[in-house]
Amino acid sequence: MIIGVGIDVAEIDRFRASLERTPGLADRLFVAGELLLPSGERRGIASLAARFAAKEALAKCLGAPAGLRWTDAEIYAEDSGRPRLRVRGTVAARAAELGVRSWHVSLSHDAGVASAVVVAEG
């Protein structure tokens, strides 16, 4: 059973400007594994914007309750490259309230826009 669906977009240049303008913002939005590639290099801005869009989509999927922490949701990739969602803390608590048992995530970026869809399934 589908419990929630969320979708969001982020303009990549605008997201880049926000990160440049606000020191420490990236650390408030992302966990270390989201900021760095497996090689240790910093992840590209389009990929970060897509991950941010996924977190926004996740909040919508859960009914956008107050108090969700951005770092309580982590977007990571399986070895195949498929995006996955790991939740903890405030996000896991809200998901448990709603009966969420699994997540589906899709990320994309093209033509200066990053987008994401999150589906919660019970």
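How would Ser39, Ser106 line up from fewest to most surrounding beta-carbon atoms within 10 angstrom?
Ascending number of Cβ neighbours within 10 Å: Ser39, Ser106.
Name the residues whose placed amide hydrogens come within less than 5 Å of the amide hydrogen of Gly4, ignoring near sequence neighbours (fewer than 5 apart) on the same chain.
Correct list: Ala120.
In segment 1-104, what GluC sites (Glu not before Pro) fall in a loop by DSSP, with at most 13 other Cβ atoms inside 10 Å?
When the GluC sites (Glu not before Pro) of segment 1-104 are filtered for loop state and at most 13 Cβ neighbours within 10 Å, Glu41, Glu78 remain.
Could you tell me which of Leu29, His104, Tyr76 has its Cα farthest along the dipole of segment 2-121 towards the positive end, charges placed at Cβ (Lys, Arg +1; Asp, Glu -1), taken about the Cα centre?
Going by the charge dipole, the pick is Leu29.
Once you charge only the Cβ atoms, +1 for Lys and Arg and -1 for Asp and Glu, what is the size of the charge dipole of the chain about its Cα centre, to the nearest 20 debye?
So the dipole magnitude of the chain works out to roughly 220 debye.
Counting helices only, and only those DSSP H runs with n ≥ 4, report the 222 nm mean residue ellipticity of the chain as the sum of -39,500 (n - 2.57) divided by its residues, in deg cm²/dmol to the nearest 500.
Rounded to the nearest 500, it is -10500 deg cm²/dmol.
Once you keep just the Cα pairs under 8 angstrom separated by 6 or more residues, what percentage relative contact order results for the chain?
Taking the mean separation of contacting Cα pairs over the length of the chain, I get 39 percent.
If each residue's Cβ is checked for other Cβ atoms within 10 Å, how do Ile7, Ile12, Ile2, Ile75 rank with the fewest at the top?
In order of increasing Cβ crowding within 10 Å: Ile2, Ile7, Ile12, Ile75.
Bear in mind that the values in this text are calculations on the coordinates, not laboratory data. Everything numeric in this text was worked out from a predicted model, so none of it was measured. Heads up, the Cβs are rebuilt from the backbone with ideal geometry, glycines too, and the neighbour counts pull from every protein chain shown.
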